[in-house]
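Read the structure below first, then the notes.
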Amino acid sequence: MQRFFGGMAALAMIAAAVSGQTTPASNKKAPVAKSQAARKKPLTALQKSVAKKRAVTSASAHKKTPAQPAVTWRNRQLQPTTDRYKEIQTALASKGFLQPGQATGTWDQNSTEALKQFQSAQNLEASGRINSLSLIALGLGPKHDTPVQPAQPADQSR
């Protein structure tokens, strides 16, 4: 009896192969239900931030326009204000490189020439451009909000 059913199963398989039918329908995998996909674990904060960075990076990689550089303290100010120009011109005038009446707050050819002469007298590169070394030599270096107080000697009257 076993041989009979075994033979019948073999014949059924051969007939299915000849007719073009592949595996029986019961062996096919069922498609994954959407509810199973929704059961995934929620992302952690780190995973979310990494995914967000990847999305931003891949999106920005396809842009045709160049990205704007980040604003930092190095590239924020493009030119001094009118008050700062006047302050620099007044310092040049007090040192004798510019006429006092020419300290108007507008940077012009006279101001550039006066700065070149000052830079040359200070053994700096005489470019006529305002730079940190020139400002420090003029006494107009960085401004600090809190005044620097001299250190007081330790009380040694014990």
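The values are calculated or read from the model by the stated rules, or taken from the named source; none is laboratory data. Remember, it's a predicted structure, so these values are computed and weren't measured experimentally. Please note: Cβ atoms are built from the backbone with ideal geometry, for glycine as well, and neighbour counts cover all protein chains shown. With ligands, DNA and RNA removed, areas are computed over all heavy atoms of the protein, side chains included. Shrake-Rupley method; radii C 1.70, N 1.55, O 1.52, S 1.80 Å.
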Answer yes or no as to whether ALA9 is more than 30 Å from SER120 (Cα to Cα), open to solvent by less than 80 Å² (accessible area, probe 1.4 Å), out of contact with any Phe, Trp or Tyr (no Cβ under 6 Å at 6 or more places or on another chain) and modelled with pLDDT of 60 or more.
-> yes
Scan the range 108-140 for residues that are open to solvent by 60 Å² or more (accessible area, probe 1.4 Å), touching a helix residue (DSSP H, G or I) at 6+ places or on another chain (Cβ under 6 Å) and either assigned to a helix (DSSP H, G or I) or under 13 Å from GLN89 (Cβ atoms) (or both) and report the count.
-> 1
Hits in the range 116-158 - residues which are of a type in the set (D, E, K, R) and either modelled with pLDDT of 90 or more or touching a Cys at 6+ places or on another chain (Cβ under 6 Å) (or both) = LYS116, GLU125, ARG129
